[in-house]
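J.: There's a structure below that I have some questions on.
Please treat every number below as a calculation from the coordinates, not as lab data. Because the structure is a prediction, the values reported are computed rather than measured. Cβ atoms come from the backbone with ideal geometry, glycine included; neighbour counts cover every protein chain shown.
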Amino acid sequence: MSDYSQAGRAARQREDRELLRRYHVDGDPSARERLIARHLPLVRSLARRYAGRGEPLEDIEQVGSIGLIKAIDRFDIEREVSLATYATPNIVGEIKRHFRDKGWAIRVPRSLQELNAKMSGAIDDLTARLGHSPSVGEIAQSLGTTNEEVLEALEVGTAYTALSLDAGPAGSDDDSDPMETIGGEDAEFDRSEDRATLGPALAQLPAREREILRMRFEEGLPQTQIAERVGLSQMHVSRLIRRSLATMRAELDE
Amino acid sequence: MSADPGRDVDRVEIEAPLDLAFQGVVRLVVGGIAEQANFGFEAMDDLQLAIERLLAETGSDGRVKFSFELSDGAVRTRIGPLRESGLAAALQETDGDAGTLSLARILSAVVDSFGVEPATDGQIVVRLEKLGTPRP
């Protein structure tokens with residue numbers, strides 16, 4: 001029988017509970033890492049439901065992962081509920097919030113969305129062909145469009161991190177979400193106290209993002225080299241860096 | 001917004017609310033300025049990220065002025081006045097413990113130099129300098 005049989009599910013739930021106990025009671029961070037890894041297929045499955053709405057699937061999965069991590073961190077081990085059951089609304093909520101926050105961008109002309117989708121490959125191709133990071137003008141020329149449209153299309157892809165992860169309360173449907181609670185004088189004071197080090201929040205990121213930040217900010221590698229090492233486009237690396245930093249900032253504001 | 005055509009240094013100035021909703025506008029302006037300076041995508045992205053992370057540490061109340069000077073393939077940016085409350089000190093902490101990631105370390109990686117100038121009422125102005133990658 002597959003692991004999805006009733007017995008398999010029960011065994012998985014027992015393992016989850018043990019890992020949750022180790023994380024919440026013993027403070028074992030490796031248990032948290034394992035829980036995240038074990039439930040990433042759930043994130044991918046839920047993210048696929050939201051594919052084809054103008055956002056790369058990988059980005060939706062990334063957002064869903066934040067919901068998963070929050071669910072793991074907030075899980076009350078006294079409650080008789082499986083982690084998957086508890087995490088699902090958190091993951092879906094995070095994805096929906098992402099789309100809601102980005103609503104303005106989704107309403108931009110389709111031509112701009114399509115241009116954004118072409119941009120990533122164009123930047124990588126031009127970088128390889130020209131031997132340097134292409135200017136906006138060079139990108140525009142290669143795609144047969146204007147500099148202004150290239151800038152606008154880049155903004156479509158960038159807006160997410162600045163507007164959703166760093167944003168204050170964005171709605172009333174989930175006002176208990178600490179990630180969306182910023183502000184007040186105390187928060188300002190805390191902000192000044194902890195702005196010097198984002199270290200603890202760094203540990204909250206998935207391993208790939210941590211590695212990308214390490215390469216960028218410790219090794220000082222340019223995006224192009226990081227992109228080669230991790231097998232992503234330069235534009236995707238740029239967005240992951242942006243998003244990771246915004247995630248860390250938001251973690252500190254909790 | 002003002003520019004000085006025909007001179008060695010072109011200057012663009014804007015003033016915007018610190019509210020996050022305006023960061024996209026600021027990014028677009030920075031992108032346009034980087035293009036005028038003939039920056040590549042990566043240098044443009046670095047400068048946008050530097051400004052974005054700095055603004056993320058300054059709260060969202062009030063307004064802020066941005067001054068961009070373009071010369072010799074470089075963009076010199078002045079941002080402020082900003083409420084101080086530890087920002088100046090944080091910008092000096094480049095040598096954090098291993099595994100930490102300070103604002104200063106981020107700026108060190110994405111711009112060529114940065115610094116702080118005092119402004120009125122105990123506020124500060126942050127300077128960022130970004131050089132474009134030399135082109136063949």
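J.: Using only the Cα atoms of region B:10-131, construct the convex hull and provide its projected area averaged over every direction, in square nanometres to one decimal. Each step should come with its number before you reach the end.
T.: Numbers: hull surface 29.3 nm².
So the mean shadow area of the Cα hull is 7.3 nm².
J.: Let me ask you something else. For peptide A:30-40, compute the average count of partner chain beta-carbon atoms within 10 Å of each residue's beta-carbon.
T.: Working: counts 0, 0, 0, 0, 0, 0, 0, 0, 0, 0, 0.
Partner-chain Cβ atoms within 10 Å, mean over residues of A:30-40: 0.
J.: Mind checking A:238-245 for the average number of partner chain beta-carbons within 10 Å of each residue's beta-carbon? Don't skip to the end; give the middle numbers.
T.: Numbers: counts 6, 1, 0, 6, 5, 0, 1, 7.
Taking the mean over all residues of the peptide, I get 3.
J.: Can you tell me the order of A:149-157, A:78-86, B:111-119 when each peptide is scored by its average per-residue count of other Cβ atoms within 10 angstrom, highest first?
T.: Values: A:149-157: 22.1, A:78-86: 12.6, B:111-119: 15.7.
Descending mean neighbour count gives A:149-157, B:111-119, A:78-86.
J.: I need the Debye-formula profile for region A:108-165: one equal scatterer per C-alpha, no solvent, reported as log10 I(q)/I(0) at q = 0.28 1/Å, two decimals.
T.: Per q value, in the given order, log10 I(q)/I(0) is -1.13.
J.: Still on this structure, please answer the following. Under Stokes-Einstein, with the Kirkwood radius over Cα pairs standing in for Rh, what whole-number D in µm²/s applies to region A:1-101 at 37 °C and 0.692 mPa s?
T.: Numbers: Rh = 14.1 Å.
Answer from the Stokes-Einstein relation: 233 µm²/s.
J.: Let me check against my output: what whole-number percent is the relative contact order of region B:10-131, with C-alpha pairs under 8 Å and at least 6 apart?
T.: Numbers: 196 pairs, mean separation 32.6, N = 122.
27 percent.
J.: List the lysines whose alpha-carbon lies under 16 Å from that of A:Lys96, not counting same-chain residues fewer than 8 positions away?
T.: Within the straight-line limit of under 16 Å, A:Lys96 reaches these lysines: A:Lys70.
J.: Sticking with this one: Hey, can you grab everything whose amide H is under 5 Å from the amide H of B:Val64? Only 5+ residues off in sequence or another chain; H modelled, so Pro and N-termini drop out.
T.: Result for B:Val64 returns B:Ala16, B:Leu18.
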